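Accompanying notes for the structure given below.
The values are calculated or read from the model by the stated rules, or taken from the named source; none is laboratory data. Just so it is clear, the structure is predicted and the values come from calculations on it, not from any experiment. Reconstructed Cβ throughout: ideal geometry from the backbone, glycine too, with neighbour counts over all protein chains shown. Just so you know, the surface numbers come from the protein's heavy atoms only, side chains and all, with ligands and any DNA or RNA stripped out. Shrake-Rupley method; radii C 1.70, N 1.55, O 1.52, S 1.80 Å.
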Amino acid sequence: MSGSGSITTAGGGGGGGGPSLMDSLFQRTLDDLIKGIRIHTPGSAQSTFISKSLDEIRREIKSTDLQTKSIAIQKLTYLHSLHGFDMSWAAFHAVELTSSPSFIHKKSGYLAASLSFRPTTEVLLLLTNQLRKDLSSANQHEVSLALECLSVICNQDFARDLTPDIFTLLGSSKSFIRKKSIACLLMFFGQYPDAVRVCFKRLVENLEAADNGQTLSATVGVFCELASKEPRSYLPLAPEFYRILVDSRNNWVLIKVLKIFGKLAKLEPRLAKKVVEPICDHMKRSEAKSLVFECVRTIVSSFYEYEFAVKLAVAKIREFLLHSDLNLKYLGLQGLLLVAPNHLWAVIENKDVVIKSLSDVDRNIKLEALRLVMSMVCDDNVVEICRVLVGYALKSDPEFCNEILTSMLSTCSKNTYEIVVDFDWYVSLLGEMARIPNCRNGEEIEYQLIDIGMRVKDVRPELVRVGRDLLIDPALLGNPFIHRILSAAAWVSGEYVRFSKNPFEIMEALLQPRTNLLPPSIRAVYIHSAFKVLSFCLHSFLLPNRTANSLSKFVDMEPDFTYSDSEREFSETSGLRPHQEFNPRDESETNADNATNSSSSLKKDAFTRESVVNLLTLVLTSSSPLAGSHDVEIQERGRNLLGLAHLAQQEISCHDDKSKEKMVDRDDLKTSIIIRLIDDALSEDFGPVSSSAQERVSIPDGLLLEENLSKLDVICADVQLPKTKSFSLIRPGFLPTDGDSVSSRQNEESETSAAESTSLLSEHRKRHGLFYLPSDDNKKKASRGFPPANDPNKKGKDVEDLVKLTDESLVLKKKSNAARPRPVVVKLDEGERVPVAVKKTQSNDDLISGAVRDVLLGNESNQSGKQPSSGRRKGKAPSKVDLGSESKNNNMEESFEVGNSSKRRSKHRTHGKDKKHPSPPVNDENGETNKQKSGSRHGRHKARQRAEDGGLNVDVQKPVIPDFLL
């Protein structure tokens, strides 16, 4: 359209096509848009203004005037970046601006493309020719725009088509262009690994450019990123990195080189002897804290075998720890954490600073100090450290409190509770954690309570005791964050009820009225556990002889089995011999004061007809409302419980005093058989499941999981999965506190519900005193030979107690012969594991590493390493890959193996070359290759090549590193 068309449109009111001439003259600029957004308050007014601005942009962007289009693109890019509006519909207009001769317009187009283009953008390939044109421009700023955009939106097609242009720019005389093209290479190598064969030698040439610090910095940065993925391929470049380490005075370049040597030293130990001294010199000389810390990290992680270097690093860490700057103090704690695995003495020397850091005002410092304290934990001091940390948790803010609990849980459960010797103590600790007010680790505590019960058989009596203490406390039912712990307590109390001293007490706790505060999934576990307890009680009452004779099924565990203190105490109290099942008929007479208390310890003949009838009355009274529940799980399990209670009533009605000597009729026999079958089914122990169980299942042929599910995220993008609150034995991850199973609505109402439940608790106890348990025994429940974890008498002494831990307690000690043996822990993941064969596709990192080895070892052939056209590079450019100074013992060479052999390369390449390489020499009869002369500064390499049907197989080569370095 011409200007007359625009005038006509203006006269027509601007309907239909592009903007009118008046609109173009009075177009809002980007500054006007920003001011207008700031004037309008956030909300409907601001949204209305932005909507009107978007309508204006849609009209203005259709203009043939590039200035108008450019301003519209600028405004749209701003709204896309800061407010998230979609601008994919304007992709073609952005491409239009990139072809403008005006630099301002071109800049707007490239900026919009780099911020909005995606791999799926349809007009992406339209940029190829424009990028090639701008990359060869004489204006270095236009070249810079193209490189910056290419480094963001580069895909495989761009990398394949534009590699010759990047190769040319790598040799540019302008350092401004050369450094940006070097930085762009990293994206090219990732998208198109064959670009390594074309550009890698030029990249190494820039590594030698000591005259320009910016170019060297960009080159070292690229090598640092490449070496972090596959460092073995870059071992031949160790002399060049060493030269930079010694000669360079650029701190950021030195930091990158230190990162590279940290990777290379693990592959070639001989490097350490040469490199460790320059690193120590930098630590002593440099005043830059960033460089000093990188030297410390490199020493303690890769060169920790050199004692003098480690001592110097620890001294620098000490300076960081005592510095007033919180950032440096944080770095000191991080450095100490790196030293801890190999030199624990360094942590012990600075333990006073570490302990005091637990009370620091900065949260990050507290977390690092906590990690250091947990790194000192061993089986000798785990009890003392956990006791002090629980004290810290009680007086810390909720967030740090849960960090402490999470660290304790993860450390103690590591390697299947490797450092836990006294499982009675640890189970008690889990119970104490549940009572901490700010505890949000319900899922993990739930998992560990159940997992320990299944793995450690002789801890089950103590586990039942801890579960009973949690169940009988009605106040805990109002805390939604520990509902998962109460679920585990109910499960272990029902599953291992045979170890309980008073099953009637557990039944009352499971059926108390306040259980209606629990979520349906947790309440269903309560009901099912009550079913198990009722089955055990009925079985003990109706079939006492069979209960006593079935002992070996439950308790005979291992040939060398020994009872724990709690279980031995349980056996002595109940009057049972070892390896004898609990039978209340055999218990001795208890005190008369507890005769009327249903919650007290079981007395002689506790399972009398009267006690069982009272138990059934409690079950029928409490479970009858459950049959009409709207939740399917509660209704089904409640009906099961009621059904078993009704069966028991029929059985007991035929066993009154007058009919004891009569024959048992058929109905009685049938009911007894049913109860016996139920008890037998519930008596089977659950065992742990191996973590490698799923891996042992072979994948069926033809099932491609990754391909079939690759687009699942796109398909289910709008689907929000509900947070599960079901009872599960699957181990939860250590997630943030907002990942708990309690819904957000319950989190918001937790404080309100807790306050209301506390105020109504006393009134409810008066009205329903029959169903509540007396609290007189609460003072006696914790006496099991170890102190409670949160003893209020020791608050305020946590710092002193933890500092007073002797050096001997932080070092592994020999166990005394009289020490109590660690109980048997069932482990299923030990021994040989049969790996499932999985077909692995070759990744781009492998292709890049193979191409780098081929280039460094001189193994390119005319099928695999094609150079750019002669229009861009005349003749064969000299390569300058320097693997060592020729003036320093270049004749002394040491060789070592380099990784896996390079993969077979495809012989087809998209870009051609005018001049083919001469064919490589053929192996002679002795199997030795001929020496090749090269224009590069590689030195001499041994290469063996073999051509098969036009393809190329490269054998494992031995790169040469001069002996002066090693």
**OP:** Give the residues of the range 348-393 that are open to solvent by 20 Å² or more (accessible area, probe 1.4 Å) and acidic (Asp, Glu), sorted by residue number.
**Re:** 349, 352, 360, 362, 379, 380, 384
**OP:** Would you mind stating whether residue 144 is under 17 Å from residue 188 (Cβ atoms) and under 33 Å from the mean Cα position of the chain (by Cα)?
**Re:** no
**OP:** Could you tell me whether residue 158 is part of a helix (DSSP H, G or I), within 18 Å of residue 183 (Cα to Cα) and either open to solvent by 30 Å² or more (accessible area, probe 1.4 Å) or not charged (D, E, K, R) (or both)?
**Re:** yes
Original post:
Is there a residue in the range 11-25 that is modelled with pLDDT of 55 or more and either within 52 Å of the chain's Cα centre (by Cα) or acidic (Asp, Glu) (or both)?
Top reply: yes
**OP:** Name the residue, out of 248, 286, that is over 32 Å from the mean Cα position of the chain (by Cα) and either modelled with pLDDT of 95 or more or farther than 27 Å from residue 173 by Cβ (or both).
**Re:** 286
Subject >> Flag if residue 116 is open to solvent by 70 Å² or more (accessible area, probe 1.4 Å), within 40 Å of the chain's Cα centre (by Cα) and at pLDDT below 95 >> reply: no
Original post:
Any residue in the range 234-242 that is at pLDDT 90 or above, buried (at least 20 other Cβ atoms within 10 Å of the Cβ) and under 18 Å from residue 170 (Cα atoms)?
Top reply: no
Subject >> Failed item in (1) part of a helix (DSSP H, G or I); (2) open to solvent by less than 70 Å² (accessible area, probe 1.4 Å); (3) modelled with pLDDT under 90, with residue 94 passing the rest >> reply: (3)
Original post:
Any chance the range 422-439 includes a residue that's within 24 Å of the chain's Cα centre (by Cα) and crowded, with 24+ Cβ neighbours inside 10 Å?
Top reply: yes
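Residue-by-condition table, conditions (1) of a type outside the set (A, V, I, L, M); (2) assigned to a helix (DSSP H, G or I); (3) open to solvent by less than 10 Å² (accessible area, probe 1.4 Å):
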position	(1), (2), (3)
121	yes, no, no
133	yes, yes, no
146	no, yes, yes
151	yes, yes, no
185	no, yes, yes
190	yes, yes, no
202	yes, yes, no
216	no, yes, no
Subject >> Checklist (1) in contact with a Phe, Trp or Tyr (Cβ under 6 Å, 6 or more places away or on another chain); (2) buried (at least 23 other Cβ atoms within 10 Å of the Cβ) applied to residue 206, failing item >> reply: (1)
Subject >> Qualifying position, being in contact (Cβ under 8 Å) with a residue 60 or more places away in the chain and of a type in the set (Asp, Glu), among 380, 362 >> reply: 380
Original post:
(1) assigned to a helix (DSSP H, G or I); (2) among the hydroxyl-bearing types (Ser, Thr, Tyr); (3) over 30 Å from residue 159 (Cβ atoms): which one isn't true of residue 63, the others all being true?
Top reply: (1)
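To keep it simple, each residue is scored yes or no on (1) in a helix (DSSP H, G or I); (2) modelled with pLDDT under 90; (3) open to solvent by 10 Å² or more (accessible area, probe 1.4 Å); (4) in contact with a Ser or Thr (Cβ under 7 Å, 6 or more places away or on another chain).
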position	(1), (2), (3), (4)
470	yes, no, no, no
484	yes, no, yes, yes
487	yes, no, no, no
490	yes, no, no, yes
493	yes, no, no, yes
505	yes, no, yes, yes
508	yes, no, yes, yes
